[in-house]
1. Mind pulling up the Rg/Rh value for the chain? Radius of gyration and Kirkwood radius, both on Cα.
2. Quote the charge dipole size of the chain about the Cα centre in Debye, to the nearest 20; the model charges only the Cβ of Lys and Arg (+1) and of Asp and Glu (-1).
3. Fewest Cβ neighbours within 10 Å first, please rank Val28, Val53 accordingly.
4. Give Lys7/Lys98; Lys79/Lys104; Lys84/Lys118; Lys31/Lys79; Lys79/Lys118; Lys59/Lys111 a once-over and call out the pairs whose C-alpha atoms are over 29 Å from each other.
5. From the square roots a ≥ b ≥ c of the eigenvalues of the alpha-carbon gyration tensor of the range 64-107, which class results: rounded (a/c under 1.5), prolate (a/b over b/c), or oblate?
6. Quick one: helix 9-22 against the long Cα principal axis of the chain, what's the angle to the nearest 10°, folded into 0 to 90?
7. What FRET efficiency would be calculated for the residue pair Phe63, Glu116, taking the C-beta separation as r and a Förster radius of 41 Å, to the nearest 0.05?
8. Using the beta-carbon distance between Glu54 and Leu93 and R0 = 25 Å, what value does 1/(1 + (r/R0)^6) give for FRET efficiency, to the nearest 0.05?
Amino acid sequence: MEFRDNKAIYLQIAEFICERILFKQWAVGDKIPSVRELAVQLEVNPNTVARTVEFLQQKDVIFTKRGMGYFVSDDAVDKVMAFKKDDFLQNDLPLFFKNIQLLKIDFEELKRRFEEFKAI
């Protein structure tokens, strides 16, 4: 995994886990890799992964079964969608709007390109 400088590593790992859930690679009730396994896989400190796990537990995306590990919660997809949507609307969309205004891109061009994107 290649990390970006503009976002905390634990949040980028959370995005990695959330993408696996959204793409159904890890389904509801599935056990996810342990903190150590993820740390080795992603080549990061286990404490960073532990912080990620704590963050995702607070968001009710995963839960722990004592002595068994971490599992995808029943409403993980809805929880992930909700906080990713909020993050997008709060952080990415304002930058997007700023760029289309600076570059004088009109709505019709955006609409056309979006339709082309959906067709892929």
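1. 1.07
2. 180
3. Going from least to most buried by this count: Val28, Val53.
4. Lys79/Lys104; Lys59/Lys111
5. Prolate, since a/c reaches 1.5 and a/b exceeds b/c.
6. Roughly 90 degrees between the two axes.
7. The calculated FRET efficiency here is 0.50.
8. Efficiency at R0 = 25 Å is approximately 0.35.
Read-outs throughout are calculated quantities, based only on the coordinates presented, and are distinct from any laboratory measurement. Bear in mind the structure is a predicted one, so any value in this text is a computation, not a measurement. Reconstructed Cβ throughout: ideal geometry from the backbone, glycine too, with neighbour counts over all protein chains shown.
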